[in-house]
Amino acid sequence: MSGRRRRGAVLAALGALALATAAASLAMGAVSVAPVDVLAVLARHLGFAGADPPAQADAVLWGIRLPRVLLGMTVGAALGIAGTALQGVFRNPLADPHLLGVGPGASLGAVVLMLAVGATPQAAMAGATVGAIAASAAIRRAGDLPDPGPTRLVLFGVALGAVLSAWVGFVVFAADRSAVPPVEFWLLGSLTGATWRTLGNTFTLAAAGLLVVGASARSLDLMALGESEAGHLGVDVELVTRIVLLGAALEVGAAVGAAGVVGFVGLLVPHVMRRLVGPGHRALLVAAALGGAILVTGSDLVARTLAAPIEIPVGLVTTVLGGPFFLWLLLRSARRAAP
């Protein structure tokens, strides 16, 4: 099988798995809904003729579960794209929005702007985007230091994230508790507040970020050869870096503004997808979007059902999966750097 056909087959399989994960998430939960009722609810609201679904199934699916599932897929796709972009632009396999402090920066920006202008979805995402841009700029300055190395860059990001997370906790606890979501939302992630309005805002911002990053896919491929080599091939490395960081910040702002910090998605997904579709960023970005959607939606299903009726924060589930993977990458990087 040729490389192009193999990538196409992998993307098709990922798309099918994403649909299957979404279907399972719609049917399963505190209130189980039969597959036939799921189809009946979707058919009714999409304008197709058919039997009327039960009122309870309609209320649960259309009012609560469907926007939550679609929001989880959007958040996961955004984080997968952001992680791919950061790993590409820094040429660092350990880069991740959470580990580099971009996610906590987005949380702080969202909290501050919501307190300033009101707790609205637009304020949360605008503040999160500004905070993500500011944190990305700080990480970029750290990347300009002489030979920072992948581990040193991550250590800088972890320290930055710890400081910003502390400020998130301070601001939330010092503010009116009814004005912003609790600190657990911002630091552990949750999809409980999903609405159609939030979904629309998140999808719009995430789509804009994908367009920004996707436009630089070819340049990211060349930058993998090294900055000097990419420059000789006609790439404006500084401009591409700024554009890609802006796109990643839009993705992180969309995800954090809607669901808080969901850790390690941007680390785990690009690594797995790179093994499946190769290093070319055009296919890799699409695969990372699908993989992130699968991971977050599946993790949210586990979070809703594992200890029902108690909901586990979705970020805890993704951290349980991604944390050991990060430790393995860190040890592998240390072994390679050892003389």
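The values are calculated or read from the model by the stated rules, or taken from the named source; none is laboratory data. Because the structure is predicted, anything quoted here is derived from the model rather than measured. Positions of Cβ are generated from backbone atoms using ideal geometry, with glycine treated the same way; all protein chains shown enter the neighbour counts.
Some notes on this structure:
- Lone unmet requirement of (1) of a type outside the set (F, W, Y); (2) assigned to a helix (DSSP H, G or I); (3) more than 24 Å from L295 (Cα to Cα) for A119: (2)
A quick yes/no check of all residues on (1) of a type outside the set (D, E, K, R); (2) under 17 Å from L71 (Cα atoms); (3) at pLDDT below 95:
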{"position": "G189", "(1), (2), (3)": "yes, yes, yes"}
{"position": "A206", "(1), (2), (3)": "yes, yes, no"}
{"position": "V213", "(1), (2), (3)": "yes, no, no"}
{"position": "A230", "(1), (2), (3)": "yes, no, yes"}
{"position": "D236", "(1), (2), (3)": "no, no, yes"}
{"position": "G247", "(1), (2), (3)": "yes, no, no"}
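- Cross-chain or 6+ apart pairs with Cβ under 6 Å, the stretch 174-198 first and farther than 23 Å from L61 by Cα, then at pLDDT below 85 and surrounded by fewer than 19 Cβ atoms within 10 Å (Cβ to Cβ): A179/A119; V180/A119
- Lone qualifier among A159, A138, A128 - being surrounded by fewer than 16 Cβ atoms within 10 Å (Cβ to Cβ) and modelled with pLDDT of 90 or more: A159
- Of everything listed in (1) assigned to a helix (DSSP H, G or I); (2) among the aliphatic types (A, V, I, L, M); (3) at pLDDT 90 or above, the single unmet condition for L327 is (3).
- Candidates are the residues of the stretch 308-332 that are touching a residue at least 24 places away in the same chain (Cβ under 8 Å) and aliphatic (A, V, I, L, M); the one that is surrounded by the fewest Cβ atoms within 10 Å (Cβ to Cβ) is A308.
Okay, residues lined up against (1) part of a loop (DSSP other than H, G, I, E, B); (2) at pLDDT below 90; (3) of a type in the set (D, E); (4) under 13 Å from the mean Cα position of the chain (by Cα):
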site: A288; (1), (2), (3), (4): no, no, no, yes
site: L295; (1), (2), (3), (4): no, no, no, yes
site: P309; (1), (2), (3), (4): yes, yes, no, no
site: L331; (1), (2), (3), (4): no, yes, no, no
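- Residues satisfying the stated conditions in the stretch 282-293, i.e. crowded, with 24+ Cβ neighbours inside 10 Å and over 10 Å from I81 (Cα atoms): A293
- Checklist (1) over 29 Å from A174 (Cβ atoms); (2) in contact with a Gly (Cβ under 9 Å, 6 or more places away or on another chain); (3) assigned to a helix (DSSP H, G or I); (4) in contact (Cβ under 8 Å) with a residue 40 or more places away in the chain applied to A95, failing item: (3)
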